[in-house]
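K.L.:
First the structure, then my questions, so here it is.
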Amino acid sequence: MKENFDNAVQYVLNDEGGYAERSNEPGGAVNKGISFQLFEEVFKSDEYFRETFYPGVTKPDFSHLKALSDEAAKYIYHKYVFSKISFDDMPVGVDYVMVNTATMQGVTGATKLLQTAFDLPVTGKLDEATWNVINTTPALELASGILLYQCQAKMNDKRVGPYIDENGDKQKGFGRGWSIRLVRVWQRARKMINNT
């Protein structure tokens, strides 16, 4: 829902954190949850983005992604993530869950998880059957279904890594952080839904 944008985008920015260079990120780097691959695509195709946030820059590099402001990140999220999951048309709380899922697993991935959770044909598109489920299923059930399948998908992600290292005490990979985040997303979504 449109009125939930500020809350949802701020939660995503807080959860995604800052800049990192990693070989397993699309394009090799990420900042505020925006991969260099997406950043470069937006930079090349979106004149407004270039002129507003990076005047005079002709070819972006990691330093430009590292300097990404919250306002520039919000612009990218609004135009290239939120709009692609039809954020404005989603029920409150479900909108946030879908944005969080799209940030972690891509827009198509988020839609596929929703479809999987509700035994729909898995097309990766918000088709008529998917909208029918969204419009007729209680928001708490939608949110929990998406998050349960997202949790399963994230725990099978190769970047989870082993939970215990060879010494038996150090956690590796993203698994613990992802699981904590998904619980936090559920708590926020439930609060959003209960307050509507």
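Bear in mind that the values in this text are calculations on the coordinates, not laboratory data. Values in this document were obtained by computation on a predicted structure and should not be read as measured data. Cβ placement follows ideal geometry from the backbone for every residue including glycine, while neighbour counts extend to all protein chains displayed.
K.L.:
Which whole-number percent gives the relative contact order of the range 2-194, counting Cα pairs below 8 Å spaced six or more residues apart?
P.N.:
On the way: 210 pairs, mean separation 30.5, N = 193.
That works out to 16 percent.
K.L.:
Next question, about the same structure. Over the alpha carbons of the range 2-194, what is the largest minus smallest coordinate on each principal axis, giving the biggest first in Å?
P.N.:
49, 49, 30
K.L.:
Rounded to the nearest 20 debye, what is the charge dipole size of the range 1-97 about its Cα centre when +1 sits on each Lys and Arg Cβ and -1 on each Asp and Glu Cβ? Each step should come with its number before you reach the end.
P.N.:
On the way: 10 positive and 17 negative charges, 49 e Å.
Using Cβ point charges on Lys, Arg, Asp and Glu, the range 1-97 gives about 240 debye.
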